[in-house]
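Just so it is clear, none of the values below were taken in a lab; they were calculated from the coordinates. In this text, all values refer to a predicted model and were calculated from it rather than measured experimentally. Positions of Cβ are generated from backbone atoms using ideal geometry, with glycine treated the same way; all protein chains shown enter the neighbour counts.
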Amino acid sequence: MNASDELRKEIQSYLQQYGLKIFSLRDKAPEAKGWQEIDEFVLENKPFGVHFTEESTVIVVDVDDMRLLSHFKHFFDRTYCVQTGRGFHIYIAVNAKGKEPIHHFINDKKQKIDILSSGGYVVGETSEHYDKDESGVYFKTGKEYKLLSKDREIKPIDYNKEIKPILEKLGFNLKKTPIRKRNVKALENGVETGNRNNELFALACNNLKSGVSPETVYDNICYINQKSKQPLSEDELEQLFQSAVSIVKGQMEESNTVHKIDDKTTHRLTDKEPEKLRPLTLNSDDEKFILTYIYTDEEVAERKDKTIPLAYFITNGKLGRRLVSYENKELQDRYISNIYKSYPDLLGRIKLEDILSYTRSETEDNPKKLFEDMLKLERKYFDNEFDYDYYYEACWKAHTYFYTLFPLTPYNDYTGMKNTGKTKRLTLNSMMCFNAWSSGDTSVAALFRTIEGTGATMILDETEMLGDTKSDNQELQSILRNGFQKTGRVTRTEKDTLGNFIPRSYEVFSPKCFAHINPLANVLQDRCITTRCVRSYNKIIANSEPDETDTLIYSCRNRLYFAWLDHAIEVRNLIPEAMELFQEVSGRELKLWLPIVTMALFFEKHGVENLVHKIMSKLRVNSEEKKENDLEENDQLKILTCIMELPPDDSPQQSSVLYGKINQKLSEKYSIDKPLSGKELSQSLKHLGFTWGRKNSYNCWLNVFDPRKIEEAKVRCGMISPTQTTLGDSGSSGGSVA
């Protein structure tokens, strides 16, 4: 590619950034039919057109007389301008809602100015200039379209305030002639040569919008063209008509999505979901944001008025490391958000001097050193029954700064007798985890608002209360049932400013940890990873208490903030690899452990040895304990276990006989004195996937000893992970046999 083509490619690429399309011209006319859909690079030896699409927010003032230069020259320093054969083009960025349509103006001196907009096009910079001879044939004039402005940046200029006054001063009549009168006049006299293309295009668009058939519209503009002094060629007219059809089709499609409510309000339907700014955000441009609260001196009229805690975001992205106010206009314009503007309880989580030090630096902290320091804290304050619990705890705390990357976040569940350090564990979590917040006596209403507004890691002690039936606890259970998944929300009815009740939905997705002695309800336990706490016989550890004066706690918390900003993309990209590490669990249990295993994989790749193996060891033990608990409390699991221990028999099993055998086994194995009813057993067997039918006038179960059906039932109960043979391949659970 030569230097001229390099320049041309640069020009065309720059124009395309503004939503403009590039296509080939053979002179001043498009080279190909359907040029409206073309967007390509055009080499030096051809002129090219710049097409103003419906989506673009650019118009061109096409001044066709160089004698008017002095009136427009001041725009050359403000926006992109190009010299043409007889005048110049001024490119202007405009508001999409106030975009001018195509206009053609002529004053008493026969000077011409066009406004080119959606559906129109101009010849691009570096193209050769063409003109028509008396017979209407194009010829090269030897001139070229050249850059007039200092650069090629297209900038906003107010058409109504800056362009229109100039046009009026130069004697151009800006009053619009009704399109119907223009159509009648054109049918009588044709259209003027200088205004021919634009006027034929406008008339065709108007008739198409009015519901006239395309065939009739085409015949109409053919007739007007023939009445004109210098008619367009057949090919040019066909291209003009196809352009009008394309533009009107787009406008009609838009009319279904744009609804004018009143003079000031327009509703535009869109499938694009607005980006949401959350306390931990990795946006579509891979920019990272993390929320913090900092004391701020508020000044009014340049005088200090008061000092208040305000929300800020530490960011790392294409503009580098920055500290940005939550009230920054750029953030407010781009995102929707329900973040708390001020929240005093979270002040001091990270110091201003450390934030500024981070933003001024380009160095990254060593993740291995961070993990080792977190591990020191775990060993300093706690005695664990199993060594892998120290490593798990460090991974769980770290994941609270990365949890938004995952579909689920596991609740950290501490259980054990009194004086086993459960509350102390919650204390360290409150000091280390992202925006950790102890609920205390806070109302549930404040709780779900705080989770949405700050992304808080929620700390709950003595959760035995979750077993009672008080309404407040029912609402808390609702938060906990939903808050472990990314889509988790709770809905409340609230009054608006007019006193009307409206539903309001709150996001409650965030990490949570709690401590208790008595077992949790099954529905909550399934959302947890449990650590059993034991009493320490090491007096130093037993008497130790985490304290904010411990500089290592603050240092680790600091570095966790910066770990998100520096490594969020790396952690996100490790998720598929982490998924491949799971061998023994699936479904919800896999997703629940995924954040912990991914964090372990991240730290291991940065030098922490055998960390994934340690986490997988805890996973296996935790999973087996859950299966045992499920077996103790799940009748279907018990029934399946009993069937597996009965002598196999391939023949259909008479219902009453089979029920007797199962109840006997349940009594022997699980000490269940009261037999299950036939209805209860029948329902459980159907849920397990076994097939019921009739044979020789009695009810029977057809395949309770079929090895394949037993394997499928084990998958249904979560006893084993699914294989390539899916449950969908099996037969139905009901039927009849002849």
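Listing for the model above:
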quantity	calculated
Fully extended contour minus Cα-Cα distance, from GLU577 to GLU299, at 0.36 nm per residue	95.0 nm
The range 1-119 - Rg over Rh from alpha carbon coordinates, Kirkwood radius	0.97
Debye log10 I(q)/I(0) at q = 0.12 Å⁻¹ for the range 634-729, Cα point scatterers	-0.36
Cα-Cα over 20 Å, subset of LYS109/LYS155; LYS175/LYS209; LYS669/LYS695; LYS110/LYS132; LYS422/LYS486; LYS486/LYS714	LYS109/LYS155; LYS175/LYS209; LYS669/LYS695; LYS422/LYS486; LYS486/LYS714
Spin-label model distance (nm) - LYS369 vs ASN610, 7 Å beyond Cα toward Cβ	2.5
Under Karplus coefficients 6.51, -1.76 and 1.60, residue-wise ³J(HN,Hα) of the range 539-555 in Hz, glycine/proline x	4, 4, 5, 4, 8, 7, 9, x, 9, 4, 6, 6, 5, 5, 4, 5, 4
For the range 80-190, with +1 on Lys and Arg beta carbons and -1 on Asp and Glu, the positive-most of ILE179, GLN111, PHE139 along the dipole	ILE179
Convex hull projection area averaged over all views, the range 367-625, Cα basis, nm²	14.8
Point-charge dipole on Cβ atoms (K/R +1, D/E -1) for the range 280-360, about Cα centre, debye to 20	180
Degrees, to the nearest 10: 179-189 long Cα axis against longest axis of the chain	40
For GLU144, distant residues with modelled amide H under 5 Å away	HIS129
Column: log10 I(q)/I(0), Debye, Cα scatterers of the range 309-377, q = 0.25, 0.26, 0.28 Å⁻¹	-1.18, -1.20, -1.25
Vicinal HN-Hα couplings computed from phi for the range 396-409 (Karplus, 6.51 cos²θ - 1.76 cosθ + 1.60; Hz; Gly/Pro x)	5, 4, 5, 5, 5, 8, 10, 4, 5, 7, 10, x, 10, 10
Long-range amide H partners of ILE672 with built H, under 5 Å	SER667
Total charge dipole magnitude, the range 3-176, about the Cα centre, Cβ charges on Lys, Arg, Asp, Glu only, Debye to nearest 20	660
Cα gyration tensor shape for the chain, rounded if a/c is under 1.5, else prolate or oblate	prolate
For the range 512-600, the Rg and Dmax computed from alpha carbons only, in angstrom	17.4, 44
Segment ARG379-SER284, length gained on full extension (0.36 nm per residue, minus Cα span)	30.3 nm
Separation of alpha-carbon centers, the range 691-712 and the range 421-455, rounded to whole Å	52
Lys/Arg +1, Asp/Glu -1 at C-beta; the chain dipole; positive extreme among SER656, ASN220, ASN622	ASN220
Approximate spin-label separation THR266-ARG360, in nm, with each point projected 7 Å along Cα-to-Cβ	4.8
Computed magnitude of the charge dipole of the range 296-339 (debye, nearest 20; Cβ of K, R +1, Cβ of D, E -1)	280
Selected from GLN239, THR415, ASN610, residue furthest toward positive end of dipole (the chain; charges at beta carbon)	GLN239
Qualifying aspartates and glutamates (Cα of each under 18 Å from Cα of LYS376; at least 8 residues distant if same chain)	ASP365, GLU385, ASP387, ASP389, GLU393, GLU545, ASP547, GLU548, ASP550, GLU604, GLU609
